[in-house]
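Have a look at the structure below before the remarks.
Read the figures in this text as sums done on the coordinates, not as results from a lab. Keep in mind that what you see is a predicted model, and the values were worked out from it rather than measured. Cβ placement follows ideal geometry from the backbone for every residue including glycine, while neighbour counts extend to all protein chains displayed.
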Amino acid sequence: MARKSASAPPQEPTAPLPAELLTAPGEFAARLAPTEPVGWRYLGVVALSGVLSGVSYALLVRPAANLAAEAARTAPPGVLTHVTNVVGGMFLTALTFALMWALGRLGGGRESRSGEVYGASFAVFVPLYLLVIVWTLLTPGVAFEPAALPAGGNGTSVENAALRAAARTPAALALLTVTVVGLAVQFVLVYQALRVLTGSFPRALAGTLLPVLPALAVQLIAIAPLLSRRWS
């Protein structure tokens with residue numbers, strides 16, 4: 001009697017790549033739905049976005065810190081100062097993600113998979129922050145110098161003047177634009193994915209809208225030193 005061949009175990013469905021959310025949010029959600037829920041699945045994308053956010057900001061404010069040190073006749077800021085700016089960007093990005101995850105889950109329910117959907121949505125910022133970094137590096141150093149330094153100014157007043165100059169550069173405008181427009185695109189993509197996952201218009205809308213204002217507030221805090229000085 002012939003032996004029956006053992007049936008092959010069913011394969012686990014593969015989670016979609018975060019970049020798929022950018023091109024086809026509905027298909028991304030459909031492929032995510034049968035996978036095992038893992039809230040931190042796309043945490044690497046969030047971390048990368050946070051690092052690039054911090055680097056973008058650190059590069060923009062670096063000339064101001066150098067001018068302030070020169071005016072105060074102290075040593076130029078060390079690596080630790082710039083690392084602190086990068087870490088600050090990472091922390092605020094992580095806080096934004098945490099708010100999106102929690103409030104998205106509150107509005108969209110468990111089926112929304114808010115941690116995964118919002119985590120993948122940070123892929124929006126990766127190419128945008130890279131563009132800001134390249135733009136900043138290509139900006140001539142003279143663009144970051146204030147038109148006139150305060151007479152007899154100390155390090156703080158010189159730094160403020162230099163920050164105003166930096167805030168008015170095209171690179172700083174690019175960072176401000178990326179922060180606001182990128183966030184809007186992020187929520188549009190998230191809504192489309194939540195609509196498929198929840199199967200409910202009200203829940204998808206609630207899971208998208210509840211985090212909007214808190215996330216926007218945190219992101220504006222991240223660029224507040226430049227934002228406040230651009231129109232001062």
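Summing +1 for each Lys or Arg and -1 for each Asp or Glu among the other residues whose beta-carbon sits under 14 angstrom from that of residue 136 gives +2. Of the labelled figures [x] 43, 27, 14; [y] 24, 20, 18; [z] 44, 19, 14, only one reflects semi-axes √(5λ) of the Cα gyration tensor in Å as derived from the coordinates, namely [z]. Rounded, prolate or oblate: which fits region 94-208 when a ≥ b ≥ c are the square roots of the eigenvalues of the alpha-carbon gyration tensor, with rounded for a/c under 1.5 and prolate only if a/b beats b/c? It comes out prolate by the Cα gyration axes.
The distance between label points at residue 14 and residue 221 comes to 4.0 nm (points 7 Å beyond Cα on the Cα→Cβ vector).
For residue 110 and residue 209, FRET efficiency with R0 = 22 Å and r from the beta-carbon atoms, rounded to 0.05? Here the calculated transfer efficiency is 0.75. Each Lys and Arg adds +1 at its Cβ and each Asp and Glu adds -1 at its Cβ; summed about the Cα centre, the chain shows a dipole of about 300 debye.
Once the chymotrypsin sites (Phe, Trp or Tyr not before Pro) in DSSP loops with at most 13 neighbouring Cβ atoms within 10 Å are cut out of the chain, the longest remaining piece is 41-230. For the chain, the longest principal axis of the Cα atoms and the long axis of helix 125-138 meet at an angle of about 20 degrees.
Placing unit charges on the Cβ atoms of the charged side chains and taking the dipole of region 17-142 about its Cα centre, the candidate lying farthest along the positive direction among 40, 130, 79 is 79. Could you check which residue among 211, 13, 63 shows the biggest mean-square fluctuation in a GNM of the chain with a 10 Å Cα cutoff? Fluctuation is largest for 13. With the simple spin-label model, which puts each label point 7 Å out from Cα in the Cβ direction, the residue 173 to residue 232 separation comes to 2.1 nm.
Fully extending the segment from residue 143 to residue 79 would add 20.8 nm, taking 0.36 nm per residue of separation and subtracting the current Cα-Cα distance. Helix 79-108 and the long axis of the chain differ in direction by around 40°, with both axes built from C-alpha atoms. For helix 170-198, what angle does its Cα long axis make with the longest principal axis of the chain, in degrees from 0 to 90 and rounded to 10? Around 20 degrees separate the two axes.
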